[in-house]
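Q: Mind having a look at this structure? Questions to follow.
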Amino acid sequence: MLPVLRSKNSITMKNTTFLSLTAVLYCLFFANPASAQSWSLLNSGTDRHLRDIYFLDDSYGVAVGDTGTVLLTTNGGTTWSQLNLETKKTVASVLVLGVDTFLVAAGDYFDGDIYRTTDSGNQWERVDGAIELAENVSSFFALNSKGILHSQDRGLTWQPTDISIGSTTLLAELSFPDKSTGYAMGLVSGFATYSAYGYRSIDGGLSWLPLFEQDFPNADAWTASFFPNADLGFVFTNQFVNFLPGTNNKLVKINNFYFDNRPGLFVWRFDAEVVNDKMPTYINDAAFLDDQEGFAVGENGAIYKTTNGGADWTEDYTGENPLKSIFILEKNIGYVVGENGTILKYNFSTSTKEPKQIKVLQLYPNPAQGTVRFEGLEALHGRLSIYNAQGQALRSITLNGENVVALGDLTTGFYLVEIRSDGQVYQGKLIVQH
C-alpha cells in the first residue's frame, strides 16, 4: 500500500529547529537501474532551507521552509511562486487540503503556530499552536510539546486528544498507516543521551498510549521512521554522544504489537530487530512501499534505496545539500526537499507500469450528500482526488483500506472522482446534491 508519506524528524521532530539537525524524508518506487539519473533538480527560486513539501495532484503543490517560506507551484514544480505568510519563523510542516485551503505549521517544538488559508495563500489566519501536521482520511492532527490536537473541520478549530506526554519526551513525527492506527514518534531524554520513544493509537488518533521503551534493542536516538502498515514500522536511529549526533546509524524493524496492561506497564509491546547496524549516514526521512521496498534521505545529501527490507542500501541520488523531507504523490511521482532551496522530482511517467487505461469507479449513492462509497478497485489503497467541473483538484487523500469518503463542504454540483492505485487509474462521475 502506498500512503502519502511525509516525515518530520531530526533529533527531535521534523521541520523543527529543536536541536541542530532537522529531519524529514520521503521517497519512492519503480526505480530502474539508472535511477540516479531520474531525479531532476527543480528551480525553486530560493536559497532558503526547505523543510517539507505536499502535492494535491500532479500539478498543484506547496513547499515550505525557513524564514516564513511558502512556495506554490501549479505546474508540477516547473515554476514556484512565493506566498505571503507573515512570520519569520521556520515553516516546518504543510498540508494541502484543496486548491484554496492549506495548513502550515511554523516555529519550533515549544512555540509553534498553525496557520490556515482558504484563498490559496493570499490571507492567513493563526488557528492554534503546533509544529507538526498529519492527516487521517477526513481528520487532521497537529503535534506540540503538550500533546496532539485533532480537527474535523478542515483545520479551523482544534481539540486535544487523550495523551500524556512526559516533560523529557520530545515527539517529532505523526503518521497514520490506516484509518484506525496512528503513531507519534520521537525521543526521550536520558542521563547523557536521547533514546527512541513513541506512542500508538488504535482509535483513529483520539487516544494514545506509549510504546514500551525497553523493547527497542538499544538506547539509540530516533531520527526517522515509517510505518508501511499498522503492524510494521522501520525506525532509524543514531547513537548520540552527550546529546549530540554521533557516527553510528542503524535501522530497526518493529512489529507484532500487543497491549500489556499489567500493573505498572499499560504500554504497547512489540518485537524489534536491528536489520542494519551500519547505515551510511544520519537519516532524516524515509518511506517504505511495503516490507521490502523503501527509500531514505540523508543529511549527507544522498537518497538511498533498499529492496530487501533495509538490510542493504544503494545510492539512488547523490547531492551536496542535506535532504530534509520526501513526499510521494503516487507510485510514479515523488518529491524531495532540502537545504539551499533544493527540490528534487522523480517522475516515473515512462515506466512500463503506467496505467494503460482508465477503469470505471462505481459510486454510491449518486447523487450523494454527506458521504460516498466507491467500488470497483482491485485494492483499497492509493490516492483519491476530487475535481470540480473546471478540472481543479478540490481534495486529495490517501486511502488506507476504507471505501467510504466524507464529502465535507462540497457544494451542489458535478464532480470527477479519481483514484490511483497500484499503477491503475479509476474514475467516476459524482453528483453532490443538498
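The values are calculated or read from the model by the stated rules, or taken from the named source; none is laboratory data. Here the structure is a predicted model, which is why all the values come from computation and not from measurement. Reconstructed Cβ throughout: ideal geometry from the backbone, glycine too, with neighbour counts over all protein chains shown. The protein model used for the area step is the full one, side chains on, heavy atoms only, and it has no ligands, DNA or RNA in it. Shrake-Rupley method; radii C 1.70, N 1.55, O 1.52, S 1.80 Å.
Q: Report whether or not ALA379 is surrounded by fewer than 19 Cβ atoms within 10 Å (Cβ to Cβ), modelled with pLDDT of 80 or more and not in a strand (DSSP E or B). Working first, answer last.
A: Working: surrounded by fewer than 19 Cβ atoms within 10 Å (Cβ to Cβ): yes; modelled with pLDDT of 80 or more: no; not in a strand (DSSP E or B): yes.
Answer is no for this residue.
Q: Residues to consider are ALA196, ALA219, ALA142, ALA134; find the one that is of a type in the set (Gly, Ala, Ser), touching a residue at least 12 places away in the same chain (Cβ under 8 Å) and part of a loop (DSSP other than H, G, I, E, B).
A: Values: ALA196 fails: part of a loop (DSSP other than H, G, I, E, B); ALA142 fails: part of a loop (DSSP other than H, G, I, E, B); ALA134 fails: part of a loop (DSSP other than H, G, I, E, B).
Of the residues listed, the single one that is of a type in the set (Gly, Ala, Ser), touching a residue at least 12 places away in the same chain (Cβ under 8 Å) and part of a loop (DSSP other than H, G, I, E, B) is ALA219.
Q: Of the residues VAL241, VAL235, VAL252, which single one is at pLDDT below 95, touching a Ser or Thr at 6+ places or on another chain (Cβ under 8 Å) and aliphatic (A, V, I, L, M)? Full working, then the answer.
A: On the way: VAL235 fails: at pLDDT below 95; VAL252 fails: at pLDDT below 95.
Exactly one of VAL241, VAL235, VAL252 is at pLDDT below 95, touching a Ser or Thr at 6+ places or on another chain (Cβ under 8 Å) and aliphatic (A, V, I, L, M), namely VAL241.
Q: Hey, could you check the stretch 54-106 for residues that are small (Gly, Ala, Ser) and open to solvent by 10 Å² or more (accessible area, probe 1.4 Å) and say which is farthest from SER421 (Cα to Cα)? Before you say what the answer is, go through the steps one by one.
A: Residues of the stretch 54-106 that are small (Gly, Ala, Ser), as a first pass: 59, 61, 63, 65, 68, 76-77, 81, 92-93, 98, 105-106.
Narrowing the set further to residues that are open to solvent by 10 Å² or more (accessible area, probe 1.4 Å) leaves 59, 81.
Numbers: SER59: 18, SER81: 31 Å.
Checking each candidate, the answer is SER81.
Q: Does the stretch 405-427 contain at least one residue that is within 24 Å of PRO228 (Cα to Cα), touching a Pro at 6+ places or on another chain (Cβ under 6 Å) and not in a loop (DSSP other than H, G, I, E, B)?
A: The answer is yes; a qualifying residue exists.
Q: Being assigned to a loop (DSSP other than H, G, I, E, B) and under 22 Å from VAL405 (Cβ atoms) narrows it down to one of GLY121, GLY155, so name that one.
A: Working: GLY121 fails: under 22 Å from VAL405 (Cβ atoms).
That would be GLY155, the only listed residue that is assigned to a loop (DSSP other than H, G, I, E, B) and under 22 Å from VAL405 (Cβ atoms).
Q: Which of the residues that make up the stretch 109-138 are open to solvent by 20 Å² or more (accessible area, probe 1.4 Å) and polar (S, T, N, Q)? Even if it seems obvious, please write down each step before you answer.
A: Restricting attention to the stretch 109-138, the residues satisfying the condition of being open to solvent by 20 Å² or more (accessible area, probe 1.4 Å) are 110-111, 115-116, 118-120, 122-128, 135, 137-138.
Within the stretch 109-138, THR118, SER120, ASN122, GLN123, SER138 qualify.
Q: Quick check, is THR398 closer than 24 Å to LEU95 by Cβ, in a loop (DSSP other than H, G, I, E, B) and open to solvent by 10 Å² or more (accessible area, probe 1.4 Å)? Show your work before the answer.
A: On the way: closer than 24 Å to LEU95 by Cβ: yes; in a loop (DSSP other than H, G, I, E, B): no; open to solvent by 10 Å² or more (accessible area, probe 1.4 Å): yes.
Against the criterion (closer than 24 Å to LEU95 by Cβ, in a loop (DSSP other than H, G, I, E, B) and open to solvent by 10 Å² or more (accessible area, probe 1.4 Å)), THR398 does not qualify.
Q: (1) more than 30 Å from GLU273 (Cα to Cα); (2) in contact with a helix residue (DSSP H, G or I) (Cβ under 6 Å, 6 or more places away or on another chain); (3) acidic (Asp, Glu): which one isn't true of GLU378, the others all being true?
A: Here GLU378 clears every test but (2).
Q: Another question, if that's okay. Determine which member of the set ALA389, ALA287 is outside any strand (DSSP E or B), among the small types (Gly, Ala, Ser) and on the phi < 0 side of the Ramachandran plot.
A: Working: ALA287 fails: outside any strand (DSSP E or B).
Going through ALA389, ALA287 in turn, the sole match is ALA389.
Q: Can you tell me which residue in the stretch 221-268 is most open to solvent (accessible area, probe 1.4 Å), limited to those that are within 14 Å of ALA196 (Cβ to Cβ) and of a type in the set (Lys, Arg)?
A: So the residue we want is LYS253.
Q: Output the residues belonging to the stretch 152-200 that are within 12 Å of PHE140 (Cα to Cα) and hydroxyl-bearing (Ser, Thr, Tyr).
A: THR157, THR161, SER175
Q: Any residue at all in the stretch 164-174 that is out of contact with any strand residue (DSSP E or B) (no Cβ under 6 Å at 6 or more places or on another chain) and under 29 Å from ASN403 (Cβ atoms)?
A: Looking only at the stretch 164-174, we keep the residues that are out of contact with any strand residue (DSSP E or B) (no Cβ under 6 Å at 6 or more places or on another chain), and these are 164-167.
Add one more test, that the residue is under 29 Å from ASN403 (Cβ atoms), and what stays is none.
No, the stretch 164-174 has no match at all.
Q: Taking the condition of being surrounded by fewer than 19 Cβ atoms within 10 Å (Cβ to Cβ) and either among the polar types (S, T, N, Q) or within 20 Å of ASP231 (Cα to Cα) (or both), how many residues in the stretch 170-192 meet it?
A: At the first step, the residues of the stretch 170-192 found to be surrounded by fewer than 19 Cβ atoms within 10 Å (Cβ to Cβ) are 180, 189-192.
Now narrow it down to the ones that are either among the polar types (S, T, N, Q) or within 20 Å of ASP231 (Cα to Cα) (or both): 180, 189.
So the answer is 2.
Q: If you scan the stretch 301-328, which residues turn out to be closer than 24 Å to VAL91 by Cβ and open to solvent by 10 Å² or more (accessible area, probe 1.4 Å)?
A: GLY319, GLU320, ASN321, PRO322
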